[in-house]
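The values are calculated or read from the model by the stated rules, or taken from the named source; none is laboratory data. Keep in mind it's a predicted model, so treat the numbers as computed, not measured. Note that we place each Cβ from the backbone using ideal geometry, even for glycine, and neighbour counts take in every protein chain shown. For the accessible areas, the whole protein counts, side chains as well, though only heavy atoms, and no ligand, DNA or RNA atoms are used. Shrake-Rupley method; radii C 1.70, N 1.55, O 1.52, S 1.80 Å.
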Number of protein chains: 2
Amino acid sequence: MERVPILKIGDILLVSIQVDMSDQTAVALQEDLAERIVATGSHGVIIDITALDIVDSFVGRMLSTIASISRVLDAETVVVGMRPAVAITLVELGLSLNGIRTALNVERGMELIGANRADDDHDEFDDGPDAESTASP
Amino acid sequence: MERVPILKIGDILLVSIQVDMSDQTAVALQEDLAERIVATGSHGVIIDITALDIVDSFVGRMLSTIASISRVLDAETVVVGMRPAVAITLVELGLSLNGIRTALNVERGMELIGANRADDDHDEFDDGPDAESTASP
């Protein structure tokens, strides 16, 4: 079974998805990522999908699951590198990637995570519901 | 044909090799990388091989070629994430990855490139031969 490598860059974990995700690979990635977030105390996860020609419901669900797992571990997930065609297909398929933030490229994803952490530092109560964040389903 | 994505992070281009490299993929990667170095003016290329179980002479030669191309474009190449078993196999095969610098992980690779750029800044003549660099064949 192939494993998707997780790269630590500063406070962020970077995952570049290039292989076709099977059930096993997806579960392994979720487990690896959860372990790495806890081990490194990272506050951000960037998932690069530049190499993906298509994001189907399976991959979309995997991304949502990763974002949810990361969130309860106090890390934010940003999906970057989405191709225009992928975005069009996603909308046509009716997949909205709920709860997932996106950015154009890795650098903007890092800025987004950095900006959010800075915002959080100003908050008195980190645990309170954030009116600006995506509403939970 | 699969293309290996190239991620720009600050002054560095990051490539994570996860797929089996064919002749075509390798040539495409070299071309893409050369174009991106010129387009972005990056001074460092980090190639992550965490996902590779084996580095044979083909991949070794590809890494050397990438390092050589990058060098003439004024960018330094660092290979990171080599597994212990891969290092052992490389030595057993007699492949020494000439002219390629290595680091344990992406962060150390970035430090290495940053440190070298800082050294270069102290030089009066960047174009002159550098006694410390790997001798040209």
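Scan around B:Val79 for amide H atoms under 5 Å from its own, H built in the peptide plane at 1.01 Å from N, and keep only partners 5 or more places away or cross-chain.
Those qualifying (amide H under 5 Å, at least 5 residues apart or on another chain) are B:Ile47, B:Arg101, B:Thr102, B:Ala103.
Quick one: net charge around B:Ile54, please, counting Lys, Arg +1 and Asp, Glu -1 for every other residue with C-beta under 13 Å from its C-beta.
On the way: positive: B:Arg83; negative: B:Asp20, B:Asp53, B:Asp56, B:Glu92.
Cβ neighbours under 13 Å give a net charge of -3.
Using a 1.4 Å probe on the heavy atoms of the protein chains only, list every residue of the range A:1-21 that has 50 Å² or more less accessible area in the complete assembly than in its chain alone.
A:Pro5, A:Leu7, A:Ile9, A:Gln18
What does the accessible area per residue of the range B:6-121 come to in Å², with a 1.4 Å probe and no ligands, DNA or RNA counted? Please list the in-between numbers first.
Values: 5400 Å² over 116 residues.
Value for the range B:6-121: 47 Å² per residue.
Picking from B:Ile46, B:Ile100, B:Ile88, which is most flexible by a Gaussian network model of chain B using Cα springs under 10 Å?
Of B:Ile46, B:Ile100, B:Ile88, the Gaussian network model singles out B:Ile88 as fluctuating most.
Suppose a student asked you for the relative contact order of chain A, using Cα pairs under 8 Å spaced at least 6 residues apart; what percent would you report? Provide the component values of the computation, followed by the final result.
Details: 179 pairs, mean separation 29.2, N = 137.
Taking the mean separation of contacting Cα pairs over the length of chain A, I get 21 percent.
How large, in percent, is the carbon and sulfur part of the accessible surface of the protein assembly as shown at a probe radius of 1.4 Å?
On the way: 7810 of 15210 Å².
About 51 percent, which is the carbon plus sulfur part of the accessible surface.
Report the B-A buried area as the accessible area lost on both sides summed, probe 1.4 Å, in Å² to the nearest 100.
Values: alone 8310 and 8320 Å², together 15210 Å².
Summed over both sides, the interface buries about 1400 Å².
For B:Leu63, A:Leu93, what's the largest-to-smallest order of accessible area, 1.4 Å probe?
Values: B:Leu63 0, A:Leu93 100 Å².
Result of the area sort, largest leading: A:Leu93, B:Leu63.
Net charge within 10 Å of A:Ala67 by Cβ-Cβ distance, Lys/Arg positive one each and Asp/Glu negative one each, not counting A:Ala67 itself? Spell out each step's value before the answer.
Working: positive: A:Arg71, A:Arg101; negative: A:Glu76.
In short, +1.
What are the distances, in nm and sorted shortest first, from the label point of A:Ser22 to the label points of the same position in each other copy, with each label point placed 7 Å from Cα along the Cα-to-Cβ direction?
For A:Ser22, the other copies' label points sit at 2.0 nm, shortest first.
Give me the net charge of A:Ile37's neighbourhood, meaning all other residues with Cβ under 12 Å from the Cβ of A:Ile37; Lys, Arg count +1, Asp, Glu -1.
Details: positive: A:Lys8, A:Arg36, A:Arg71; negative: A:Asp11, A:Glu31, A:Asp32, A:Glu35, A:Asp74, A:Glu76.
In short, -3.
Taking the simple approach of a point 7 Å from Cα along Cα-to-Cβ for both A:Val91 and B:Glu35, what is their distance in nm?
2.6
With θ set to phi - 60° and the Karplus curve 6.51 cos²θ - 1.76 cosθ + 1.60, what are the ³J(HN,Hα) couplings of the range B:30-39 in order, to the nearest whole Hz, using x for Gly and Pro?
Ordered by residue, 3J(HN,Hα) equals 4, 5, 4, 5, 4, 5, 5, 4, 5, 5 Hz.
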